[in-house]
Each structure stands twice: as structure tokens, then as C-alpha cells.
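Asks: Shown below is the structure under consideration.
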Amino acid sequence: MKCKVSGKKISKFMSFGKMPMANGFLDKKNFKDEFFYNLEVGFSQKNYLFQINDHPKSQKIFNNKYPFYTSKSKYMIKHFQKYFEWLKKNYLNSDSKIIEIGSNDGTFLKNFKNINLDHCGFEPSKNVANFSKKKGVKVIADFFNYKNTNKLKKFKYNTDLICAANVISHIPNINDLIKGIDVLLSKKGVFVFEEPYLGSMLQKVSYDQIYDAHVFMFSLLSVKSIFKNFGFDLIDAIPQVTHGGSMRYVIAREKVRLIKPNVYKLINNEIAMGMNKIDRYLKFRKECEQSKNEFKKKIERLKNDGKKICGYAAAAKSTTVLNYCKIGKEHIDFIADSTNEKIGKFSPGMHIPIVPINHFHKNKTDIAVLFSWNHKQEILKKERSFSKKGGKWISHVKKY
Ligand code: SAH
């Protein structure tokens, strides 16, 4: 296995086995030619980078049938509004130009549009890009990469803010991405992005963050090191509660802005946690195996006790849990979800039927596996009546 940043050989420290596409919800007729790859993980000591080895091509994941819409979560709409307010206060002027990478359905960018800032999103998944155009935001329906920065000539060396959320870890050629950022940012411009945080994943053993689209799991150590190669500083980092624990990173051209004390403090925490050494990742492998065995046993025990079990939210993350733990339709009757692109199909690999949320309301179940454990508060509030009727929520993540 080769490090995607340094190109040097690195060793795989664990495998989740044969995996289908995380969002590869499919019809029965396609079961026989379902696509699988080996989900293996490695750690590059040089850049402290946690990364997966083999993965499907980006075009196979991000196309006109991408089934994730940011605006499905009211909590995330609010989060992006607050993220925008923070950026406005700290990094924007009234004439700033803004680019968002992975603008999805326009939830974040709409805030910038509303105050008439010159903005542009890059969004390769055409269905969500078209949805965002209806909100009046400007978007290039294509991948962000060095070559495609040519589509934005007036933004070159002239962009005060490039922002992103939950997409940088999806982009395998991160060196090319940084080259693209380099030709767009103004002298004092900043690149701000949020991603699920490796430190949170290690603490929670939330291995379901690992799937085809998440090519990397970042830490301050890795982000600092990768961007340094291109003459950038990591100037700030702020922990976020979103997606089960994320980190907001702020990048600026070297020596142009002061590095905030937070960066040193959080890096020291990471070193104290052993995140700079392979041993921590070998420990994680053991914890994943233990989590898998415990969760499978729990499901089997409930099933033997005659409980009816369903899944709630067919998130991409659930694909890793179900396929790694080998939990199928003999354990879980259905997974309820609200996304049109998934309803009526079957879950990738384990082929559990995906049904609308009202099926969950109408059919009595004793146990619901909460695959979107990161949206626990929002979902438990919405589904209060399930708990009131004696229903129980469970998850493979213990503390969330
Ligand atoms: N930022 C949103 C969406 C995250 S999902 C949020 O946090 O909710 C990731 C999005 O990034 C998808 O819409 C996907 O199509 C898009 N994407 C994937 N690769 C990309 C690339 N190279 N450039 C721009 N967008 C990309």
C-alpha cells in the first residue's frame, strides 16, 4: 500500500474485509453483479495520515444519484448558519470572494448568497448540484481539482475564503487539491474545512466513519504536515460536535497569519493520545474486533429472545457496520429512511430492505438500531413515541 500524499510504501494495519459501496443501495436484479472492494486501512508515519487503501473511483460515488442531502438535517442547517456567522466575523469583507468545495444542496452557500457575496460552489453530484441551483446559489457541477480551477479565472489569487465540510477526506488526490487552493487564495486568504476527527473516532471506536468516500481520517498532526509541504500553516483548529466529533481547521499561507495557541494545545493532546505512532492504531484494530464481536452477540441475543429488530437511517456509515459485523436480514427486518434515492432498494452487501419512515411508525418493533447515532438528539426527539411505547434504541457505538 502507498501513502496517497508521500507516495511511499506504508503497511496496512487492519482490514474490514470485502465491502460494497457505502451508498450502493440497489435493486434485487442487481444483487448478482454488485461491486465489492477490500476495505483496508494504513497509517503513514511520515505525514501521520490515516488512510484507506483500495477504494472505488470518485466518479462511481459522486454522480447524478448521490443520495445525501445536507438539508435533511435541521441540526446541520443550523450548524452551517453558525459556521457562516463565524467565518463572516473572522475572515470576510463586504467584497470577499468565496468558494465552497462540495457544496451539495447549497445549504451552506445560501448564507453567503443571502448577503450578496461573490460565491461559487464545486459540486460533482449533479442531482444535488441541480437542487442547490434552485436556491439561487452559483455552482460548477464538477469536481474541485487543480485543472478545474481554470473554470474560475476571476477567482485566481483573489479568493478570501475557500470553505468546505465533510468533503476533503473524500478527495484521494489531496496534493492536487492543495495545488488548486494555492492558485485561488488571495495573499491573506484562508482555507477553512471541517471533517470527522480521527481523535473522536479512536475514542468512540466509531469505525463506521471508515468507508469508501472517507479516504482519510484527519488529525491536526496530519493536516499540519500535509499543508506544510505546500507552504501553508495550520493557524487554528476548533473541535465540533457534528458527525460524532469533527474538527474545523483553518489554513493560511505560511507566516502571513498568527498561529493560535489552540493548535499547539490540540497537537500536544494528540501526541499524548499516541496518535503519532502506529501502536495507537494497532490498539484501535483490537477495539474494533472487540466491538464487532460484542455488537453481533447483542443482536443475536435479542433475536433469540424473540425481539423484532429494525434499523433507523440507512446512512453510508451503516454499510461498514453491517458488512463488517455480518448483520443481515435474518437479524434486522428493515431499515427505515427518508431519502427517496434509497427507499424501495436494499442495503449494500447485506441486502436489508430500505423502507420509508412511516413503515417504522406503523409496524411494531422492539429494538431500533440507530445507524445515525451522530444525529441522536434530533432523531430521538422526532421519534419520541417509539421510546414511549417501550421501544429501545441501540448502537454499536457505546458512548455518543
Ligand atoms: N458539505 C456538505 C456535503 C458533504 S457530502 C455537508 O457537510 O453536509 C460530500 C459532498 O462533496 C458531496 O455532495 C459530493 O458530491 C461532493 N464532492 C465529492 N468529491 C468532490 C470534489 N472533488 N470536489 C467537490 N465536491 C466533491
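The values are calculated or read from the model by the stated rules, or taken from the named source; none is laboratory data. Everything numeric here is computed off the predicted structure, so don't read it as measured data. Heads up, the Cβs are rebuilt from the backbone with ideal geometry, glycines too, and the neighbour counts pull from every protein chain shown. Side chains included, ligands, DNA and RNA excluded: accessible areas come from the protein's heavy atoms. Shrake-Rupley method; radii C 1.70, N 1.55, O 1.52, S 1.80 Å.
Asks: Of everything in region 100-112, what is in contact with a strand residue (DSSP E or B) (Cβ under 6 Å, 6 or more places away or on another chain) and more than 10 Å from the ligand (Cβ to nearest atom)? Give them in sequence order.
Replies: Phe112
Asks: Which of the strands (runs of 3 or more DSSP E) found entirely inside region 47-122 contain at least 3 residues meeting this: open to solvent by 30 Å² or more (accessible area, probe 1.4 Å)? Steps first, answer last, please.
Replies: Numbers: elements: 49-52, 97-101, 118-122.
In region 47-122, there are no strands (runs of 3 or more DSSP E) which contain 3 or more residues that are open to solvent by 30 Å² or more (accessible area, probe 1.4 Å).
Asks: Taking the condition within 10 Å of the chain's Cα centre (by Cα) and on the phi < 0 side of the Ramachandran plot, does Ile210 pass?
Replies: Values: within 10 Å of the chain's Cα centre (by Cα): yes; on the phi < 0 side of the Ramachandran plot: yes.
It is true that Ile210 is within 10 Å of the chain's Cα centre (by Cα) and on the phi < 0 side of the Ramachandran plot.
Asks: What about Tyr207, is it more than 25 Å from Asn90 (Cα to Cα), more than 15 Å from the ligand (Cβ to nearest atom), of a type in the set (Phe, Trp, Tyr) and out of contact with any Pro (no Cβ under 9 Å at 6 or more places or on another chain)?
Replies: Numbers: more than 25 Å from Asn90 (Cα to Cα): yes; more than 15 Å from the ligand (Cβ to nearest atom): yes; of a type in the set (Phe, Trp, Tyr): yes; out of contact with any Pro (no Cβ under 9 Å at 6 or more places or on another chain): yes.
So Tyr207 fits the description; yes.
Asks: Can you list residue pairs whose Cβ atoms sit under 6 Å apart, with the first residue in region 105-126 being hydroxyl-bearing (Ser, Thr, Tyr) and the second being in a helix (DSSP H, G or I) and more than 9 Å from the ligand (Cβ to nearest atom)? Count only pairs 6 or more apart in sequence or on different chains.
Replies: Thr107/Ile77
Asks: Go through region 24-46 and give me each residue that's touching a residue at least 40 places away in the same chain (Cβ under 8 Å), crowded, with 17+ Cβ neighbours inside 10 Å and under 18 Å from Met217 (Cβ atoms).
Replies: Of all residues in region 24-46, those touching a residue at least 40 places away in the same chain (Cβ under 8 Å) come to 24-28, 31, 34, 36-37, 39, 41-46.
Next, only the ones that are crowded, with 17+ Cβ neighbours inside 10 Å stay: 24-26, 39, 41-44.
Answer for region 24-46, where residues must be touching a residue at least 40 places away in the same chain (Cβ under 8 Å), crowded, with 17+ Cβ neighbours inside 10 Å and under 18 Å from Met217 (Cβ atoms): Leu39, Val41, Gly42, Phe43, Ser44.
Asks: Would you mention how many residues in region 262-286 are open to solvent by 40 Å² or more (accessible area, probe 1.4 Å) and either without any contact (Cβ under 8 Å) to a residue 12 or more places away in the chain or farther than 21 Å from Ala165 by Cα (or both)?
Replies: Step one: list which residues in region 262-286 are open to solvent by 40 Å² or more (accessible area, probe 1.4 Å), which gives 262, 264-265, 268-269, 271-273, 277-279, 282-283, 285-286.
Now restrict to residues that are either without any contact (Cβ under 8 Å) to a residue 12 or more places away in the chain or farther than 21 Å from Ala165 by Cα (or both): 264-265, 268-269, 271-273, 277-279, 282-283, 285-286.
Final tally of qualifying residues: 14.
Asks: Let me ask another. I'm trying to understand the selection: among the residues of region 181-199, which are within 16 Å of the ligand (Cβ to nearest atom) and either of a type in the set (Lys, Arg) or closer than 22 Å to Tyr264 by Cβ (or both)?
Replies: Within region 181-199, Phe191, Val192, Phe193, Glu194, Glu195, Tyr197 qualify.
Asks: Take the residues in region 123-139 that are within 12 Å of the ligand (Cβ to nearest atom) and β-branched (Val, Ile, Thr); name whichever of them is least open to solvent (accessible area, probe 1.4 Å).
Replies: Val128
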